[in-house]
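Down below is the structure, laid out as structure tokens.
The values are calculated or read from the model by the stated rules, or taken from the named source; none is laboratory data. Values in this document were obtained by computation on a predicted structure and should not be read as measured data. No Cβ is skipped: glycine too gets one built from the backbone with ideal geometry, and neighbour counts run over all protein chains shown. Note: accessible area is taken over every heavy atom of the protein model, side chains too, but ligands, DNA and RNA are not part of it. Shrake-Rupley method; radii C 1.70, N 1.55, O 1.52, S 1.80 Å.
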Amino acid sequence: MLVNWFKTVLCFGAFVLSATPVLSQTLHRSMEPSPAVLIGVASPTLDEIRFTGLRHISPAAVAAQINSHAGDRFSLLMIEQDVRALARLGWFESIQVEATPSPGPFPRLSESATRVTLVFHVVEFPFLSKVEYSGSRLLSKKQIERMLEEKKLAPGFGKPADPAALQRIAFAIRGALHELGHPEADVQIDRKEANNAAVTVRFEINDGPLLRVRRVSFRGHPLVSIRLVRGQMRDIAPWKPLASWRGKNAFTRDRFEQDRQRILTYYQDHGFPEARIGAAQVTRFNESIRQWFPWPHESTLTRLSVSVPVEAGPFYRFESITATDALQQAAKKNGRFPVSVLVQDKGSAFSQQEIDKLKRLWMARIQSRNSELESASSHSVDVVRTFDPENRTVRVTFDLSASPPYIVQRIEFQGLHKFSDRYVRRRIPLREGHPFDDRNLEAGLLRLARTGYFKPIHKEDIRVQLDETTHAANISIRLEEIGQQRASLAGGTGQFGSTLGIVYTVFDLLNREELLSAQLDGGPETLQIMLGLAKEGIFGTRASLAFSVFNNMIRPRFARSAQGPFFSSHSEGINIPWTYPLTNTDSLAVNYTLSRTTTEYPPVSASEVPGVTLGDVRSKISSRSLGIGWAREGGSERAQFANSVSGGWLGGGENVLRSSAEYSHIFRDPIFAPTGAWAFRTTLSGAGSYRGDMPFYARLFSGDELVRGFRPGELGPDAVTARTAASGAPIYSAAPAGANFLTAGNAEYRFPLAGGTEAAAFFDLGSGFLFPNWLGPTKPILLDATNGVLHGSTGIELRWTVPGVQVPVRAYYSLNVLRLNRYIVLSDKPRLLAHNRFSAFGWGLGTLF
């Protein structure tokens with residue numbers, strides 16, 4: 001939508017200037033000033049520059065964008081340039097400039113001088129407050145945001161909503177859908193402006209039908225084998241293996257243009273200098289195929305047929321390739337090797353590639369060694385081609401050009417998203433302002449390709465525009481980045497305390513837009529090492545597939561254990577999650593895990609572990625589990641359900657069912673303060689054995705991550721443990737037995753503080769149950785009075801997100817208002833004290849919810 005119109009009006013001189021839309025970047029005068037006006041008001045002086053219509057942007061910010069200043073001479077050309085500069089900013093919907101006589105005196109001018117006041121009347125675009133993406137089942141919100149960020153098209157929140165920038169976003173989304181095989185995809189922009197000059201933009205995406213290319217044909221007069229012509233097509237090639245997975249059967253105009261250029265280059269390098277490749281004609285057709293899932297049946301699919309017109313033209317051969325005496329003398333003058341090496345045999349097929357190669361060789365021989373510093377002394381080479389239509393032959397003559405060489409005016413790199421322009425320029429010896437040397441260009445591109453960060457650079461990726469008038473060369477190089485390395489810190493909260501670690505990622509290393517990651521994190525009681533591979537958009541869908549190898553070590557130390565730690569658990573295995581977004585907010589996940597866990601109990605404490613006999617000092621259990629989950633991410637609302645099963649027909653020694661559910665919601669405070677927010681979370685989790693004993697490590701030892709102020713295992717019940725004193729007498733104590741069913745709820749009131757810090761007043765409730773029937777044959781001596789006790793805490797928490805790392809650090813102080821603090825009397829044993837602390841100070845990394 002063209003909305004940036006501007007007009008300049010010179011009131012006192014009856015002069016009017018109108019213009020076309022800013023997007024066209026051209027001006028047209030509707031009237032020219034008369035000589036009388038120019039004489040009467042010659043060279044007036046700007047008394048003052050004012051801006052009207054500004055609501056969010058300060059006048060100083062606008063004044064810094066123009067070249068006109070108070071005290072300068074009035075210049076119509078300068079005003080035109082100022083209007084263009086303001087229009088390019090994308091801040092204003094309309095711009096109108098008015099010049100009026102100044103009423104007051106100007107101290108620096110004489111009374112007879114003409115003074116004017118320049119007034120810029122502007123209408124601001126509303127500020128962008130929110131962007132939504134709806135309607136697409138192929139591109140998730142995260143995929144769109146990542147794509148826009150890589151293309152440097154991400155919308156600027158809190159900035160003017162430039163319609164041109166929004167339209168470029170729509171084009172980028174539509175292009176991404178075209179790449180996925182939806183050539184009829186459409187994106188509409190819906191704008192809703194509020195009374196506070198803010199606008200909400202919704203991109204309504206229509207994916208369109210899936211139309212994959214099935215056939216590619218060539219009509220006209222190809223004159224060469226169709227197989228050879230088809231071999232030049234790399235982007236649209238439905239006949240190649242795994243074409244659907246590799247995106248080779250999706251049609252876009254850009255892809256076809258690249259293939260068209262490759263076909264044309266092949267013809268020109270194989271004896272057809274007059275070859276022409278036309279625009280593709282794309283048609284639909286229906287194809288009947290037999291499918292076997294979920295049952296054998298016939299189905300009809302709509303496919304695309306691409307027809308490419310090809311006119312090869314006459315076949316030419318080289319009659320002769322010679323060089324003039326002047327060119328040979330110039331080469332000898334520089335002491336280069338013999339000229340006879342550069343003469344080709346007669347009768348070979350015409351090849352533009354061969355001509356370009358010989359021209360570069362001649363340029364190298366005549367080029368002065370100081371030509372990069374003394375461009376005036378450099379020479380260039382002219383190529384004269386003489387065609388004989390009757391004999392179908394070509395005579396090629398290389399001559400020393402009398403004109404100066406082409407000077408590089410500009411080098412532009414396209415497609416850079418993660419690497420800077422400076423990084424690329426350092427590796428290419430060709431410089432702006434120096435003579436154009438394609439040898440240096442090729443050497444630089446080869447050096448760039450060897451870095452491994454860019455895909456191979458082909459001839460069609462390089463465009464050199466030569467200006468015969470100014471002998472200037474403008475070079476445009478399109479690059480495709482392969483990967484980017486990144487190291488970052490990570491942290492979080494688990495059932496055995498907080499962890500801190502480092503994550504190293506490499507994106508798109510295998511040229512499949514994959515993410516390779518390595519993670520090492522740990523805490524006082526845990527250590528985890530993981531290597532992962534993740535891929536979004538697997539098989540041309542919105543689904544993502546990952547593969548990770550992990551190695552975990554857990555050594556919990558419970559507060560009320562007699563010796564501690566009770567056990568150490570070492571797990572290693574692989575995890576394969578598959579995620580498919582059902583809607584913009586809902587996603588379905590399937591997970592398969594293969595692991596082996598080794599649990600060791602120190603001999604002195606084996607009898608203290610609830611449910612573990614003295615002989616069970618070391619155990620090894622293999623696990624094969626399959627899980628399914630559903631999650632909803634709605635911005636301020638989050639819900640997820642997960643279920644998994646191990647053992648049975650899956651195999652392994654662990655036979656456990658696991659299930660969990662969580663719901664959280666955050667909304668702004670409508671009563672006390674608009675900057676505050678209420679946050680709520682509720683969670684349920686359970687685990688039980690359906691065959692055999694439930695492994696001790698599979699129990700839930702939750703604490704601080706559910707109810708702040710409680711140690712790991714304190715939400716669950718206690719069991720009787722015993723150890724032998726030096727005198728041989730048994731000593732009994734209560735220790736956490738773990739839980740197999742947990743429920744908890746959290747309520748917070750959050751309010752921001754200075755310096756990016758946030759405070760939250762909280763109230764947490766939680767309880768843990770241990771159902772003996774879920775444990776299998778072996779059961780601990782459970783203290784029933786501690787099973788299912790409600791725990792609660794209240795307090796205040798401070799949060800600060802570390803800049804650059806983006807890991808929140810939490811510190812809290814809690815009062816445990818609902819806790820265990822009682823003596824339990826056993827029939828044949830002394831009293832046991834079940835006690836939780838009354839207050840606690842704690843900290844953690846990562847968000848709680």
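Amide H to amide H distances under 5 Å link ALA719 with ALA735, ALA737, LEU783, where only residues 5 or more positions off or on other chains count and H is placed in the peptide plane. Within the straight-line cut-off of under 12 Å between alpha carbons, the aspartates and glutamates reachable from LYS535 are ASP508, GLU513, GLU514, sequence neighbours fewer than 8 places apart in one chain being disregarded. Straight-distance candidates among the lysines for linking to LYS779, with alpha-carbon spacing under 28 Å and chain neighbours fewer than 8 residues away dropped: LYS620, LYS829. Which whole-angstrom value gives the distance between the alpha carbon centres of region 395-415 and region 151-208? That distance is 41 Å.
Which of the peptides 284-292, 67-75, 131-139 is most tightly packed, and how do the rest follow, going by the mean number of other Cβ atoms within 10 Å of each residue?
Answer by packing, highest mean first, reads 131-139, 67-75, 284-292.
Among 157-166, 661-670, the peptide with the highest mean count of other Cβ atoms within 10 Å heads the list, and the full ranking is 157-166, 661-670.
A protection proxy built from the mean count of other Cβ atoms within 10 Å ranks the segments 251-257, 295-301, most packed first, as 251-257, 295-301.
Largest first, the residues ARG596, ARG174, ARG115 sort by 1.4 Å accessible area into ARG596, ARG174, ARG115. Distance from the C-alpha centroid of region 715-789 to that of region 299-314: 69 Å, rounded to the whole angstrom. Excluding same-chain neighbours fewer than eight residues apart, the lysines reachable from LYS159 by a Cα-Cα span under 25 Å are LYS7, LYS130, LYS141, LYS142, LYS151, LYS192, LYS418. The figure for SER702 is an accessible area of roughly 10 square angstrom, using a 1.4 Å probe on the protein chains alone.
Within the accessible area of region 232-329, what % is carbon and sulfur when the probe is 1.4 Å and the other protein chains stay in place? The computed percentage sits at 51.
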